[in-house]
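Structure record follows, encoded as structure tokens.
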Amino acid sequence: MSLLDVDGLTKTFGGLRALDDLSVAVDRGELVGVMGPNGAGKSTFFNCVSGVVTPDAGRVTFDGRDVTGDPPETLAKSGLVRTFQQTRELETMTVRDNVRLAAPDQRGERTLPALLRTSGMQDEERAVRERADDLIAAFELDHLRDEYSGALSGGQRKLLELARVLMLDPDLLLLDEPFAGVNPTLTNDIADRVRGLNDDGMTVVIIEHELETLTDLVDRLVVLQQGSLLVEGDPATVVEDPRVIEAYLGE
Ligand code: ADP
Ligand code: MG
């Protein structure tokens, strides 16, 4: 059984069909790339899967359960987490606080006076702080942890965004253009981290606009065009497919 099964997904905005009967399945442990020209429906695909927008038709099954239309917080708790093309850190907060606050379910501890906190809550808080610091170190953001995240470069923000979503300990991680606007060194760095997460068992789906960026990274490529599946398969074969090259012409 697939970890993620998307069946007949359709979404229109006004008269525009952003997704048109799209079916895609992802197996547990896979590292899959989603490509396609601008406007092909890549982000809408993630938006529908992650509950950010509700599809007009079709079904999303995650880990054997129908989760169509479930809100993002519910999906995140069950292990399905995504990043956004535009990163969502709070610019007037430090890197460290941004990562800490991404932790799920802090149940308002911060608002309780210290004396009223149970030792269990304090343990939980300590665990969140440690996990945040571990992730900050793992992503080599240590030297920036007390900086406001508004001061970070585009690439550093992508790393911060990854650290933030990993606080949620996902089973399925959806990354929307994690390499866009990132310099080559940081791109390699992010790619290595994604590969490492996948090696450790996380299922990952990555959206990327450019042809070839993903060919060495992913197990399988899925190419969308006008909201539908154009081609899928082995990355090296897919990027040379005449239908794919044609879809990118005139971009
Ligand atoms: P991609 O990520 O592949 O570039 P998108 O999924 O962002 O494509 O967009 C697919 C199409 O749907 C585009 O034509 C886009 O303008 C349109 N679209 C996406 N989201 C919305 C929205 N919230 N409202 C109106 N149109 C949208
Ligand atoms: Mg997009």
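Which order, highest average first, do 8-19, 26-37, 89-100 follow once you tally other Cβ atoms within 10 Å for each residue and take the mean per peptide?
On the way: 8-19: 16.1, 26-37: 21.2, 89-100: 18.8.
Most protected by this proxy first, the peptides run 26-37, 89-100, 8-19.
Over the Cα atoms of the stretch 83-230, Rg to Rh with Kirkwood Rh, two decimal places? Don't skip to the answer; put the middle values down first.
Details: Rg = 17.1 Å, Rh = 16.7 Å.
Dividing the radius of gyration by the Kirkwood radius yields 1.03.
Taking K and R as +1 and D and E as -1, what net charge do the other residues with C-beta under 9 Å from the C-beta of Thr61 add up to?
On the way: positive: Arg59, Arg65; negative: Asp5, Asp7, Asp63, Asp66.
Result for the neighbourhood of Thr61: -2.
Quick check for me: using +1 on Lys/Arg Cβ and -1 on Asp/Glu Cβ, what's the dipole size of the stretch 158-251 about its Cα centre, in debye to the nearest 20? Working shown, then result.
Numbers: 6 positive and 20 negative charges, 45 e Å.
The dipole magnitude comes to about 220 debye.
Of the accessible area of the stretch 143-251, with the probe set at 1.4 angstrom, what percent is carbon plus sulfur? Don't skip to the answer; put the middle values down first.
Details: 2190 of 4970 Å².
Carbon-and-sulfur percentage of accessible area, whole number: 44.
With charges set only on the Cβ (+1 for Lys and Arg, -1 for Asp and Glu), what does the dipole of the stretch 1-105 come to about its Cα centre, in debye to the nearest 20? All intermediate terms of the calculation are to be shown ahead of the outcome.
On the way: 11 positive and 15 negative charges, 43 e Å.
Charge dipole, the stretch 1-105, about its Cα centre: 200 debye, nearest 20.
Antiparallel as a % of all DSSP beta bridges within the chain, to the nearest 5?
Numbers: 20 of 36 bridges.
Within the chain, antiparallel bridges account for around 55 percent of the total.
Give me the 1.4 Å probe accessible area per residue for the stretch 168-251, excluding ligands and nucleic acids, in Å².
On the way: 3960 Å² over 84 residues.
On a per-residue basis, the stretch 168-251 sits at 47 Å².
Please give the length that would be gained between Arg65 and Thr237 if that part of the chain were fully extended, namely 0.36 nm times their separation in residues minus their C-alpha to C-alpha distance (nm, one decimal).
Stretched fully, the Arg65-Thr237 segment lengthens by 58.6 nm.
The values are calculated or read from the model by the stated rules, or taken from the named source; none is laboratory data. Quantities reported herein were computed from a predicted structural model and do not represent experimental measurements. Note that we place each Cβ from the backbone using ideal geometry, even for glycine, and neighbour counts take in every protein chain shown. Surface areas here come from the heavy atoms of the whole protein model, side chains and all, with no ligands, DNA or RNA. Shrake-Rupley method; radii C 1.70, N 1.55, O 1.52, S 1.80 Å.
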